[in-house]
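*Asks:* This is the structure I have questions about; it appears just below.
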Amino acid sequence: MLDPLLSVRDLKLSFQTERGELRLFQGLNLDVGKGEVLGVVGESGSGKSTLAYSIIRLLPPNARFEGGSVVLGGKDLTKLSEKQMRDVRGRDITMVFQDPTTALNPVFRVKDQMLKVIKANIGVEGAEARVLAMGMLRNVELPDAAAIMGSFPYELSGGMQQRVMIAMALTSNPQLLIADEPTSAVDATIQVQILKLLDRLRREKGFSVLLITHSIAVAKEVSDRIAVMYAGDIVEEGEAEKVVDSSKHPYTQGLVKCIPAPRARHESRRDLATVPGEVPDLTDPPPGCRFHPRCPYVMDVCRKTKPGYWKAGDSHALCYLYEGGKA
């Protein structure tokens, strides 16, 4: 892996709920290298988006850090005051949200929102800010930047709105861009365009990307490495192609089997494979390995004690099948 820009170490996070304490992360470790794309993959409820919000410290009041560190460029974000953290958000770390229709305010024109973000993040306003905003809109391949600036978000397509969000996120030249399901609200053709755009901008500007997606196929296409998350744990991590083409953890293997296979026109429709069962309720998680109730290879030890994070071929896996592999 390249030199780490972001290092998450032994992160512990819990939530106080009406049903009791929900303990999500209990010692999570993760690195994002400089200039790297790390894809974080898993089902809904696995903790992917919460990981992103933990990094930028935008968590609800019932959340509590119980330990660990989130270090960006040598600075532990968990130790910063809220005022100091506001200086990090929008400058060093920016985020592209899942649904631009809710992230953009429908009652303000694009120019009003972009100029406000530029002023808040880098202190530039007036004509200089307008030139910067127009340039970023052109850089994300939007036609007629002046017309886009004068538009309300609802006058733009979903793909155009997402490009506006990317332009806003990159005006401060961040070190890390967190993209939380950035293509889930657009159709397949626009999805490809958005992912290619992000890849081009990353190569040109040199920022790192933490890409959150439920699709392991998408992660393989655009990521350098993949971290597979299940119920708050990273269960497998390695080079993107190795994780998908030679999966080690049973959960990763299940996700790969769910990738739709191409079929010839004359073939009948095939049912998609699924991973049996559901992500557990973490107010009452299963003992041992959290995946064991759904695992086809479950052993007695899996039901009692959490496995170590062991070397598994070209990857690392949180699984007793690879016990003893040097992590």
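Nothing in this text is a laboratory measurement; each read-out follows from the coordinates by a stated rule. All of these numbers come straight from a predicted model, not from anything done at the bench. For neighbour counting, all protein chains shown are included, and Cβ atoms are generated from backbone atoms with ideal geometry for every residue, glycine included.
*Asks:* Report, in deg cm²/dmol and to the nearest 500, the calculated mean residue ellipticity at 222 nm for the chain, where each DSSP H run with n ≥ 4 adds -39500 (n - 2.57) and the sum is divided by the residue count.
*Replies:* Calculated from helices alone, the mean residue ellipticity at 222 nm is -9000 deg cm²/dmol.
*Asks:* To the nearest 10 degrees, how steeply does helix 188-205 sit against the main Cα axis of the chain, on a 0 to 90 scale?
*Replies:* On a 0 to 90 degree scale, this one is about 80.
*Asks:* Once a ≥ b ≥ c are taken as the square roots of the eigenvalues of the Cα gyration tensor of the stretch 1-105, is the result rounded (a/c under 1.5), prolate (a/b larger than b/c) or oblate (a/b not larger than b/c)?
*Replies:* Judged from the Cα gyration tensor, the stretch 1-105 comes out rounded (a/c under 1.5).
*Asks:* Let me test this: with uniform point scatterers at the alpha carbons of the stretch 135-223, what is the Debye-based log₁₀ I(q)/I(0) at q = 0.18, 0.20, 0.21 1/Å?
*Replies:* -0.79, -0.97, -1.07
*Asks:* Sticking with this one: So which residue, out of Ile122, Ile234, Ile226, gets the largest mean-square fluctuation from a GNM of the chain using Cα contacts under 10 Å as springs?
*Replies:* Looking only at Ile122, Ile234, Ile226, the biggest GNM fluctuation is shown by Ile122.
*Asks:* How big is the chain in terms of Cα radius of gyration and Dmax, in angstroms?
*Replies:* Calculated on Cα positions, Rg and Dmax stand at 20.8, 67 Å.
*Asks:* Here's something else I'd like to know. Any aspartates and glutamates with Cα under 17 Å of the Lys196 Cα? List them, leaving off those in the same chain fewer than 8 positions away.
*Replies:* Glu36, Glu141, Asp180, Glu181, Asp187, Glu204, Glu221, Asp224
*Asks:* For the ranges 202-214, 297-309, what's the packing order if you count other beta-carbon atoms within 10 Å of each residue, average per peptide, and put the highest first? Could the numbers behind the result be given before it?
*Replies:* Working: 202-214: 18.9, 297-309: 15.2.
Highest to lowest by the protection proxy: 202-214, 297-309.
*Asks:* Further question: In whole angstrom, note down how far apart the Cα centers of the stretch 35-70 and the stretch 93-168 are.
*Replies:* 26
*Asks:* Which values, in whole Å and largest first, are the semi-axes of the equivalent ellipsoid of the stretch 40-165 obtained as the square root of 5 times each eigenvalue of the Cα gyration tensor? Present the calculation step by step, with values, prior to reporting the outcome.
*Replies:* Numbers: eigenvalues 182, 71, 30 Å².
Rounded to whole Å, the semi-axes are 30, 19, 12.
*Asks:* Something else about it: Mind putting together the pair-distance distribution for the stretch 103-173? All Cα pairs, 5 Å bins, whole percent per bin, short to long.
*Replies:* All Cα pairs, binned at 5 Å, distribute as 3, 19, 34, 27, 14, 2 percent.
*Asks:* Using the Cα atoms of the stretch 142-189, I'd like the radius of gyration and the largest Cα-Cα distance, Dmax, both in angstrom.
*Replies:* 11.8, 31
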